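**Q** Got a structure here, written out as structure tokens. Questions coming.
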Amino acid sequence: MVNEQQETRGKTAAGSGPAGLSLLIADDHVLLLDAVTQKLSQEPDITLDVVTDYDSAVARLDAHGPYDVLLLDVRMPGMEGLSSIQNVVERNRPGVTAIFSGEVSPSVVRKCIETGARGYVPKSISLNSLSNIIRLLASGQVFLPADISLGRKRPGASEAARSITDREVLTLQLVAEGKTNKEIAYALDATEMTVKMIMRQVCTKLDAKNRAHATAIAKAQGFI
């Protein structure tokens, strides 16, 4: 069970190697934290710390310094709206802060993005997808669920490529890492047929001949 201010650490300390990634989750949902902690403890490149209220998050950032990725619950104890979110975002710079919450309206997500948050990860997300989303955030990408659109532009991307969804970006990222369709399907909590359909859509949008060509285009245009 995760207790208040308890730290849960992964197998590899952040900064101990080129792949090390430090993660702070600030959330008071104990059962969810237990499940997330158990899942992420299996990731050798992620070091996880957990706090359960706003004051503890601020204290942890003051003591530790910025984390590569911080997942922030907007409704945990001590949070006072956008001012609290902005304070955490600023304290965690140059690390990435993303909202980690239950159902949130697009307007709220938009306001959080305007404060400097780099995306919104719903608590309903598949645990299989979470570690890959965390790595995507750490790489500098913004993550939003497929059903939320903020009219964002991808700098340097072609007009067609700007319609690429975050799920498609995540799929491209996994393809670029050499993952098989089976492995990608597991990460997305989807079927292999769904992965193939996603890649067909991506190839159409990027005018790519195949998945290797699609990832090359995506890298050249700077969104993976």
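**Q** For residue 197, only one of the following conditions fails: (1) surrounded by fewer than 13 Cβ atoms within 10 Å (Cβ to Cβ); (2) of a type in the set (A, V, I, L, M, F, W, C); (3) touching a helix residue (DSSP H, G or I) at 6+ places or on another chain (Cβ under 7 Å). What is its number?
**A** Result: residue 197 fails condition (3) only.
**Q** While we're on this one: Please go through (1) buried (at least 18 other Cβ atoms within 10 Å of the Cβ); (2) in a loop (DSSP other than H, G, I, E, B) for residue 88 and return the number of the only condition it doesn't satisfy.
**A** Residue 88 satisfies all of (1) buried (at least 18 other Cβ atoms within 10 Å of the Cβ); (2) in a loop (DSSP other than H, G, I, E, B) except (2).
**Q** Kindly indicate whether any position in segment 50-71 is closer than 24 Å to residue 166 by Cα, modelled with pLDDT under 90 and among the hydrophobic types (A, V, I, L, M, F, W, C).
**A** No; the residues of segment 50-71 include none that is closer than 24 Å to residue 166 by Cα, modelled with pLDDT under 90 and among the hydrophobic types (A, V, I, L, M, F, W, C).
**Q** May I pose another question? The conditions are (1) surrounded by fewer than 21 Cβ atoms within 10 Å (Cβ to Cβ); (2) in a helix (DSSP H, G or I); (3) modelled with pLDDT of 95 or more; (4) of a type outside the set (Val, Ile, Thr), and residue 129 fails exactly one of them. Which is it?
**A** (3)
The values are calculated or read from the model by the stated rules, or taken from the named source; none is laboratory data. Not measured: the values here are computed from a predicted model. All Cβ positions, even for glycine, are placed from backbone atoms using ideal geometry, and neighbour counts span all protein chains on display.
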